[in-house]
1. Only residues in the range 234-252 that are in contact (Cβ under 8 Å) with a residue 12 or more places away in the chain and closer than 22 Å to residue 89 by Cβ count as the first member; pair them with residues that are crowded, with 18+ Cβ neighbours inside 10 Å and of a type in the set (A, V, I, L, M), Cβ under 7 angstrom, at least 6 apart or cross-chain, and list the lot.
2. Please enumerate the residues belonging to the range 115-149 that are in contact with a helix residue (DSSP H, G or I) (Cβ under 8 Å, 6 or more places away or on another chain), small (Gly, Ala, Ser) and part of a loop (DSSP other than H, G, I, E, B).
3. Please work out which residue is farthest from the chain's Cα centre (by Cα), limiting yourself to the range 68-114 and to residues that are part of a helix (DSSP H, G or I) and aliphatic (A, V, I, L, M).
4. Going residue by residue through the range 183-202, is there one that turns out to be farther than 18 Å from residue 71 by Cα, part of a strand (DSSP E or B) and in contact (Cβ under 8 Å) with a residue 40 or more places away in the chain?
5. Tell me, which residue of the range 254-270 that is surrounded by 20 or more Cβ atoms within 10 Å (Cβ to Cβ) and within 23 Å of residue 89 (Cβ to Cβ) is nearest to the chain's Cα centre (by Cα)?
6. If I filter the range 158-179 for residues that are surrounded by 14 or more Cβ atoms within 10 Å (Cβ to Cβ), farther than 28 Å from residue 207 by Cα and touching a helix residue (DSSP H, G or I) at 6+ places or on another chain (Cβ under 7 Å), do I get at least one hit?
7. Are any residues in the range 150-178 at pLDDT below 85 and part of a loop (DSSP other than H, G, I, E, B), and if so, which ones?
8. Count, please, the residues in the range 233-291 that happen to be assigned to a strand (DSSP E or B) and basic (Lys, Arg).
Amino acid sequence: MSRILTAFTLVLVCIGLSSCSFHWHITPRDVKKHDRIASDSTQHRLHTILPQPDYDTVATVAVPDSSAALKKLIGQLTPIWESHFTYKTFSGKAKIHFSGPDNDKTFTAHFRIRKDSVIWVNVTFDAIPVARLFITRDSFFLLNTIDQEVTRIPLSQAAKVLPTKVDFSSLQNLVTGESLQKGTITNAAASPDAWTIQVEDSNYIQHIVFNKKDSTMHSGQLRTRTPGGPQAVTSYESYEVINGRKVSTFRTLNVQKGADTYMLEMNFNKVGFDEELDYPFSIPKNYTEKK
């Protein structure tokens, strides 16, 4: 069970990367087609294969980034890209399916978030408590109830015990189902059924695919400007309107780390916003602190 806990933490925090490079890896579920974006920095082109279960068209769009048409498209898509959830708290219950080199397990996670402040996760397996995570903008706590161990370190030093550095905002957005990072649109393309944008900041480059029908996010790819490290992609499905917000209740995260492949499916059966929440976390006296 401790391996499952470690792997779950690995997959969760890999998305908050600082030194990882994210590339496409296809989930083995029922998506009939997939998204792939290759950026040619010399020709400034986006080559886009756009998916949905009912997509029958494969479109290739090449638009010079200096063109008036591209500037107009970027202007059209900027409000969609900059539209984010407004909330004070988030809560969710999800069935998690995890598969890795040595494990294939299903368990339950309860999430509670106080926006930009606290991420609280309680993990159970067959109704047995397995772990509790308590993450703030500057601290990381992991309570391993199976081995009766606790890990507590500054968030900035999480890479000492985890595969990569941790970004609080990315973790928060992964749980709520929003784009992982902010940034400015630098390129865009359109097909009959979808829009694809390239978003950049000083550290990251993202490729996001939106469904034209309802402007929801279909998939996201994130990489740093420095190559190397784990590879991953997120997909977003099964949108529901919850408290006036369109929320993806089924998400898939695939991570490739060296020769190992990890897959995390998050199937939410309960989501809420702006409820009164508490974030209980205490360390039993008989627990050993893991250095």
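1. From residues that are in contact (Cβ under 8 Å) with a residue 12 or more places away in the chain and closer than 22 Å to residue 89 by Cβ, the pairs are 236/217; 239/247; 240/247; 242/271; 247/271; 249/271; 251/266.
2. none
3. Going through the qualifying residues, I end up with 68.
4. Within the range 183-202, not a single residue is farther than 18 Å from residue 71 by Cα, part of a strand (DSSP E or B) and in contact (Cβ under 8 Å) with a residue 40 or more places away in the chain.
5. Here the answer is 266.
6. Checking the range 158-179: not a single residue is surrounded by 14 or more Cβ atoms within 10 Å (Cβ to Cβ), farther than 28 Å from residue 207 by Cα and touching a helix residue (DSSP H, G or I) at 6+ places or on another chain (Cβ under 7 Å).
7. Those that are at pLDDT below 85 and part of a loop (DSSP other than H, G, I, E, B): 161, 162, 163, 164, 165, 166, 167.
8. Summing the residues that are assigned to a strand (DSSP E or B) and basic (Lys, Arg) in the range 233-291 gives 5.
The values are calculated or read from the model by the stated rules, or taken from the named source; none is laboratory data. Predicted model, so just to flag it, every value in this text is computed and none were measured. Methodologically, a virtual Cβ is constructed for each residue, glycine included, from the backbone with ideal geometry; neighbour enumeration extends over all protein chains shown.
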